[in-house]
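No value in this document is a laboratory result; all are computed from the given coordinates. Since the model is a prediction, treat every value here as computed from it, not as a measurement. Reconstructed Cβ throughout: ideal geometry from the backbone, glycine too, with neighbour counts over all protein chains shown.
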Amino acid sequence: MMRRLSFLPLLLLLSACGLHSLYGGGSGSPVSGLLRSVQVGPIAGQPGWLVRTKLIDRLGDAESAQAQYRLDVTLDDNITSYGLRADRAATQERRTLRARYQLVDLSNGAVVLDETAGSDASVDVVSSEYATVAAEQTSLANLSAIVADQIVARLAIYAARTTHGK
């Protein structure tokens, strides 16, 4: 019994530190509501299509009439060869996907969030060109999911900070 009571002050300290659940309240929470009100703008190229699709999967597809924010994303997709053999043929590639994104308040056109996200992956270059291209495409799909997750997490933090206490 005494052991259980010794944890009581620790629990009180933890509640006083200001930690709160990001998605507290589930789908009816202010954070979820703000995320559902984000319209994802078009993003150029195949990497853009992949990232936009992942963002819509995570945020939902806000109708134009419901949207309070627009997410504008610009991508930089780069493949760099390294690990050269004696004949100067590459044995490895690094695929890097970086995103600069801005959250625009549609009521006044103000940019309320301007951030970057990114990740990279290593790809083995093998004798089969088909296998190398397939590995590059797989890495792009994986990087698109990682970048989309980073963007959504940052949007959720922004939403929690701006809606906390409302």
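Quick check: net charge around ALA134, other residues with Cβ under 15 Å of its Cβ, Lys/Arg +1 and Asp/Glu -1?
Numbers: positive: ARG95; negative: GLU93, ASP124, GLU129, GLU136.
Overall, the nearby charge balance is -3.
Let's test the formula: R0 of 30 Å, r as the Cβ-Cβ distance of ASP105 and GLU63. What FRET efficiency results, to the nearest 0.05?
The pair ASP105/GLU63 has a calculated efficiency of 0.95.
Give me the net charge for the shell around ASP72: Cβ to Cβ below 13 angstrom, other residues only, Lys and Arg +1, Asp and Glu -1.
It works out to a net charge of 0.
Once you order the gyration tensor axes a ≥ b ≥ c over the Cα atoms, which shape class does the stretch 24-163 get: rounded for a/c under 1.5, otherwise prolate or oblate by comparing a/b with b/c?
Prolate, because a/c is 1.5 or more and a/b exceeds b/c.
Grab the Cα-Cα distance for SER128 and TRP49, subtract it from 0.36 nm times how many residues apart they are, and report the gain in nm with one decimal. Before the final figure, lay out the partial values.
Values: separation 79, 0.36 × 79 = 28.44 nm, distance 2.69 nm.
Taking 0.36 nm per residue and subtracting the Cα distance, the gain is 25.8 nm.
So how much slack lies between GLN92 and ASP120, counting 0.36 nm per residue of separation and subtracting their Cα-Cα distance, in nm?
8.8 nm
Sequence-distant or interchain residues sharing an amide H contact under 5 Å with GLN39, placed H: which?
Counting only residues 5 or more places away or on other chains, the set is GLN68, TYR69, ARG70, LEU71.
Report, for the stretch 24-163, the % of DSSP beta bridges that are antiparallel, rounded to 5.
90 percent
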